[in-house]
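Worksheet: one structure, shown below.
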């Protein structure tokens, strides 16, 4: 299930939605019933206040309103609404994260990290309120229709008079709708920019300090905060103005009812109980007028949040996120006439080579010749032209297909998760990673680290050296026993002895095909194919 449309929010847990609908309608029945009991109480007080019946009526009023409060606050809110809201929140986040991770890496995240976090937080919170809030509003309108029918029966003038505030609020809310949408979009965008700057600054705090640029960073934050403050104030002010307009209309509705009913009471066509009922219902109808103004506002705000979540993980042109294709065991991987750009400049042009199973292919070249770009293009991590074949079959969606467990990739600057070394190697799996950790050359390091495999790496792996982080990433790639292992300068942060030992272990791997960017003499000496960018592959 993918929650990308408004109606999808209402199909989550249909049994719970049915129960909530019944409970909300029961609350409204109690509201209407309480009003009718109040009418009977006041009529009894004006005719025979000493009759024992008055006490039974008062007890009934107290019982109905007590039951309404318990049903609303305990059963409805506590036992049904909150679990539903929390479940919907979790499902929305899981679905969006799933869609994000199922997209080709070249297209996965098109917004800054802080903006993405804002969408997973603020926008999801906005969406989760809509189904519950809509049920509350719908039940109010059902109860309001019953109240309006009673009011119309008691006094046609009163019943028709309350329609005027409704019409006023609907027209006013419609006129404010577009403006509200623009303000909400601006406020969300500015909040996301602030969140992105905070995330980037925290991630690169050491760089900011050593470069002496903290003043510039703080000034940029002040500037973004001022812009965010301006857009947030405008958004909140406009919404409060709309709410105030609806509140004034609801107050006018109640006042209009009382003024009209007073004339009928004076003429003798209404009893005191009728007047009490009309005043009570007028208050409830006034709430309906207030909520009518919020309907358009909430739907507009929800649509903005829905659009932001939808574009966070935009599907392909057919409306679907990419589904990884199951690849068979590797016999041969081919790159045919591959071309790719970096920074708007073509750095990889018409490159072709073959990797038979169990072979080692080394990519070399000077600085900025496109070695990393070639690897990323061959894995579908960046847009490229040309062909990729797995066992002779074209790989149509490499970014989704060339992944674990068939392919393991170690980038030049690997990303580690906050957690232990073992957590980073296994990611979400179970088992003992000791073998792959030794294979990646981390054995001597674990002997001196305080907690071995359970050593916490810190945010982004900051507690590890560059070489240690690379080898943790290598162990992670080896954990799934890939057929094709793609390495981008995996030895660049290692000393000569450690790098040589690493390559000895990698070359001894059985049934593993390796595509590596490296200048290490041992790798070049044992390579089956050397790809020198700008020249033909060298066997």
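Tabulated results
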read-out: Residue match in region 180-197 (condition: exposed (fewer than 14 other Cβ atoms within 10 Å of the Cβ), at pLDDT 75 or above and over 30 Å from residue 282 (Cα atoms)); value: no
read-out: Test result for residue 401, at pLDDT below 90 and out of contact with any helix residue (DSSP H, G or I) (no Cβ under 7 Å at 6 or more places or on another chain); value: yes
read-out: Conditions (1) surrounded by fewer than 17 Cβ atoms within 10 Å (Cβ to Cβ); (2) part of a strand (DSSP E or B): number failed by residue 405; value: (2)
read-out: Total residues in region 521-534, condition modelled with pLDDT under 90 and either over 16 Å from residue 350 (Cα atoms) or more than 46 Å from the chain's Cα centre (by Cα) (or both); value: 0
read-out: Criterion violated by residue 19 - all others in (1) under 44 Å from the mean Cα position of the chain (by Cα); (2) under 14 Å from residue 146 (Cβ atoms) satisfied; value: (2)
read-out: Filter result for residue 367 (without any contact (Cβ under 8 Å) to a residue 12 or more places away in the chain, surrounded by fewer than 18 Cβ atoms within 10 Å (Cβ to Cβ) and closer than 25 Å to residue 527 by Cα); value: yes
read-out: Flag for residue 494 being modelled with pLDDT under 90, buried (at least 21 other Cβ atoms within 10 Å of the Cβ) and farther than 24 Å from residue 332 by Cβ; value: yes
read-out: Matching entry among 468, 415 (being at negative phi and buried (at least 21 other Cβ atoms within 10 Å of the Cβ)); value: 468
read-out: Subset of region 202-239 [part of a helix (DSSP H, G or I) and at pLDDT below 75]; value: 202, 203, 205, 206, 207, 208, 209, 210, 211, 214, 239
read-out: Region 1-29, residues that are more than 30 Å from residue 94 (Cα to Cα) and either in contact with a strand residue (DSSP E or B) (Cβ under 6 Å, 6 or more places away or on another chain) or crowded, with 19+ Cβ neighbours inside 10 Å (or both); value: 27, 28
read-out: Selection count, region 131-154, where residues are under 24 Å from residue 311 (Cβ atoms) and either touching a strand residue (DSSP E or B) at 6+ places or on another chain (Cβ under 9 Å) or surrounded by 21 or more Cβ atoms within 10 Å (Cβ to Cβ) (or both); value: 1
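The values are calculated or read from the model by the stated rules, or taken from the named source; none is laboratory data. Computed from a prediction, not measured in an experiment: that's the story for all the values here. Don't worry about glycine lacking a Cβ; one is built from the backbone with ideal geometry, like all the others, and counts go over all protein chains shown.
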